[in-house]
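Notes for the one structure printed next.
The values are calculated or read from the model by the stated rules, or taken from the named source; none is laboratory data. The structure presented is a predicted model; accordingly, all values stated were derived computationally and were not measured. As a convention, Cβ positions derive from the backbone with ideal geometry for all residues, glycine included, and neighbour counts pool all protein chains shown.
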Amino acid sequence: MTSTDSIRVEWQDGLAILSFAQPARGNPIDGAFGRDFKQVAAALLDNRELRAVLLRADGANFSFGGDLKTFYPARDKLAPLVHEWTAELHMGLQRFWRLPVPVVTAVQGFAMGGGVAVLAGCDVVLAGASARLGSAFAQIGFSCDSGSTITLTSRMGVARARRFVLLAEMLGSQEALQAGLVDQVVPDEQLQDTALTLARKLAAGPTVAYAETKRLFLKASAMQLEAQLEDEALTLARVARTHDAQEGIAAQVEKRKPAFQGR
């Protein structure tokens, strides 16, 4: 199993350490990332030596989510791009969230939009004390994507998750802990070591029992993962065609207040 342009893969005795590896760009979620994530998730799912996963990110921030600088010049053609990008990303997410091993995530700096959706689907989420987690979909005139409706609801409950997305909230680490979005807050300088120690502990544990526990919780969910992801993708493609979505992207990149018109 090899690294990709956007995800570095390292191994330690059955523990796969995945690092988002584009810190200069804020570890964005774009078409290339979706392809890479699908490739890495498929390889992990097929690896019989896998015992646990640690998901982390290089640089000061976990992920800025969607890359608006990429969206901006293509904002009038976003709908087909959404169909293309989500097809690969959503397949990767399905495989990743169904891994039969514990997945630990370390979150530092900013985690936004789709980046929050990805981490919320992991089993144990550790955040640095200064981390900030936000949902910016509504702020740019987008509906939510990347499994947000599934993972945020699972962690926060329907009402709290809906408010988080509709109001484009930004939560500090302690607020995210209280909302159930993260499981533990640790000092920034201890984040990576604490997450690695926990991932190693889980990798040395009863992985068959872990796998069956994860399977049962997935089965107990009221939502069908594939259907919900597809609905999110189709909805986002429809919304991406609107004036408001294109205006929202332009306003963010041009650093001005958006003028939404409800169309």
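Miscellaneous remarks
- Only one of the listed residues (41, 32) is free of Cβ contacts under 8 Å to residues at least 40 places away in the same chain, under 17 Å from the mean Cα position of the chain (by Cα) and farther than 20 Å from residue 133 by Cα. That residue is 32.
- Figure legend. Inter-residue proximity from the range 6-20: first residues among the charged types (D, E, K, R), second residues part of a strand (DSSP E or B), beta-carbon distance below 6 Å, spacing 6+ or different chains. Indicated pairs: 8/19; 10/17.
- Just one of the listed residues (198, 218) is at pLDDT 75 or above, surrounded by 14 or more Cβ atoms within 10 Å (Cβ to Cβ) and more than 17 Å from residue 85 (Cα to Cα), namely 198.
- Cβ-Cβ under 6 Å pairs, at least 6 apart or on other chains, the range 208-220 side within 19 Å of residue 153 (Cβ to Cβ), far side in a helix (DSSP H, G or I) and small (Gly, Ala, Ser): none
- Of all residues in the range 177-205, those that are closer than 25 Å to residue 50 by Cβ and touching a residue at least 24 places away in the same chain (Cβ under 8 Å) have Cβ atoms under 7 Å from Cβ atoms of residues that are in a loop (DSSP other than H, G, I, E, B) and among the polar types (S, T, N, Q), 6 or more apart or on another chain, in 191/108.
- Any hit, the range 100-118, residues being over 20 Å from residue 20 (Cβ atoms) and surrounded by fewer than 20 Cβ atoms within 10 Å (Cβ to Cβ): yes
- Residue check for residue 25: in contact (Cβ under 8 Å) with a residue 12 or more places away in the chain and either of a type in the set (S, T, N, Q) or touching a helix residue (DSSP H, G or I) at 6+ places or on another chain (Cβ under 8 Å) (or both): no
- So residue 176, is it of a type in the set (Gly, Ala, Ser), assigned to a helix (DSSP H, G or I) and either modelled with pLDDT of 95 or more or closer than 30 Å to residue 259 by Cβ (or both): yes
- Scanning the range 26-40 for residues that are in a helix (DSSP H, G or I) and farther than 16 Å from residue 56 by Cβ returns 31, 32, 34, 35, 38, 39.
- Answer residue from the range 23-61, given it is among the small types (Gly, Ala, Ser) and over 21 Å from residue 214 (Cα atoms) and is surrounded by the most Cβ atoms within 10 Å (Cβ to Cβ) among those: 57
- Selection of first residues in the range 51-68 that are under 30 Å from residue 250 (Cα atoms) and of second residues that are among the charged types (D, E, K, R) and at pLDDT below 95, restricted to Cβ pairs under 6 Å at least 6 apart or on distinct chains, gives the following pairs, ordered by first then second residue: 67/30.
- Matching residues, the range 176-202, being farther than 19 Å from residue 121 by Cβ and out of contact with any helix residue (DSSP H, G or I) (no Cβ under 9 Å at 6 or more places or on another chain): 178, 188, 189, 190, 191, 192, 193, 194, 196, 197, 200, 201
- Considering each residue of the range 135-158 in turn, none proves to be surrounded by fewer than 19 Cβ atoms within 10 Å (Cβ to Cβ), in contact with a strand residue (DSSP E or B) (Cβ under 8 Å, 6 or more places away or on another chain), modelled with pLDDT of 80 or more and among the small types (Gly, Ala, Ser).
- Screening the range 90-104 for residues that are part of a helix (DSSP H, G or I) and not charged (D, E, K, R) and picking the one that is modelled with the highest pLDDT gives 96.
- Number of the condition not met by residue 23 [criteria: (1) touching an Asp or Glu at 6+ places or on another chain (Cβ under 6 Å); (2) modelled with pLDDT under 90]: (2)
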